[in-house]
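Data block below; observations after.
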Amino acid sequence: MMGEETKEPEPSPIIELVGVRKVYGMGTASMEALRGIDLSIYPGEFVAVMGPSGSGKSTCMNILGCLDTPSSGVYRFGGVDVGALSRNQRALLRRHYLGFIFQGFNLLHRTSALENVELPLIYRGESARFRHQQARQAIKAVGLNGWEH
């Protein structure tokens, strides 16, 4: 009908944690690192995980990075239940969609900054030309032009 507004569909979260818990150990020796975390991250959002030492930041990041699995709850990436993926499927998810930037600048010392940025693209099987182009764009995007070598 004329005059009716068409609503765009609500965006879906790219990352979603629902009631995620992580318990290390068993019985009286157990320690609950995460206690029912709920988190939704939408495409284009920038999120910082902050808190005091021992608050579960690293545990949460390890789960988000598919390096660890929750004791309970659901982790969805792009609508897919990560808990239902095999170990190989989680590795492919990391390879194609996830990246890590470490606080300690875990760079390979014998390679240039440009080569360090290209490394994940080598694992993904990208051509040298594509890797070089993407790495240069990434270095430019974070304001490190002139520091490639």
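What are the residues in the stretch 66-84 that are in contact with a helix residue (DSSP H, G or I) (Cβ under 7 Å, 6 or more places away or on another chain) and of a type outside the set (D, E, K, R), if any? If the condition is that a residue be in contact with a helix residue (DSSP H, G or I) (Cβ under 7 Å, 6 or more places away or on another chain) and of a type outside the set (D, E, K, R), then 66, 69, 70, 74, 75, 77, 82 are the ones that fit. I'm trying to understand the selection: among the residues of the stretch 23-79, which are assigned to a loop (DSSP other than H, G, I, E, B), surrounded by 13 or more Cβ atoms within 10 Å (Cβ to Cβ) and among the charged types (D, E, K, R)? Selection gives 68 alone. The set of residues in the stretch 80-102 that are closer than 22 Å to residue 11 by Cα and either surrounded by 15 or more Cβ atoms within 10 Å (Cβ to Cβ) or of a type in the set (Asp, Glu) (or both) comprises 81, 82, 93, 98. Tell me which residues, restricted to the stretch 80-116, are modelled with pLDDT of 90 or more and assigned to a loop (DSSP other than H, G, I, E, B). Passing the criteria: 85, 86. Selection of the stretch 3-22 for residues being over 24 Å from residue 93 (Cβ atoms) and open to solvent by less than 60 Å² (accessible area, probe 1.4 Å) yields an empty set. Is it true that some residue in the stretch 127-148 is closer than 24 Å to residue 41 by Cα, touching a helix residue (DSSP H, G or I) at 6+ places or on another chain (Cβ under 9 Å) and open to solvent by 60 Å² or more (accessible area, probe 1.4 Å)? Looking for residues that are closer than 24 Å to residue 41 by Cα, touching a helix residue (DSSP H, G or I) at 6+ places or on another chain (Cβ under 9 Å) and open to solvent by 60 Å² or more (accessible area, probe 1.4 Å), one finds none in the stretch 127-148, hence no.
Residue-by-condition table, conditions (1) among the aromatic types (Phe, Trp, Tyr); (2) in contact with a Phe, Trp or Tyr (Cβ under 9 Å, 6 or more places away or on another chain); (3) closer than 23 Å to residue 97 by Cα:
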| position | (1), (2), (3) |
| --- | --- |
| 26 | no, no, no |
| 42 | yes, no, yes |
| 49 | no, no, yes |
| 54 | no, no, no |
| 75 | yes, no, yes |
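The values are calculated or read from the model by the stated rules, or taken from the named source; none is laboratory data. Remember, it's a predicted structure, so these values are computed and weren't measured experimentally. Quick reminder, even Gly has a Cβ in these numbers, built from the backbone with ideal geometry, and neighbours come from all protein chains shown. Only protein heavy atoms, including side chains, enter the accessible area calculation; ligands, DNA and RNA are left aside. Shrake-Rupley method; radii C 1.70, N 1.55, O 1.52, S 1.80 Å.
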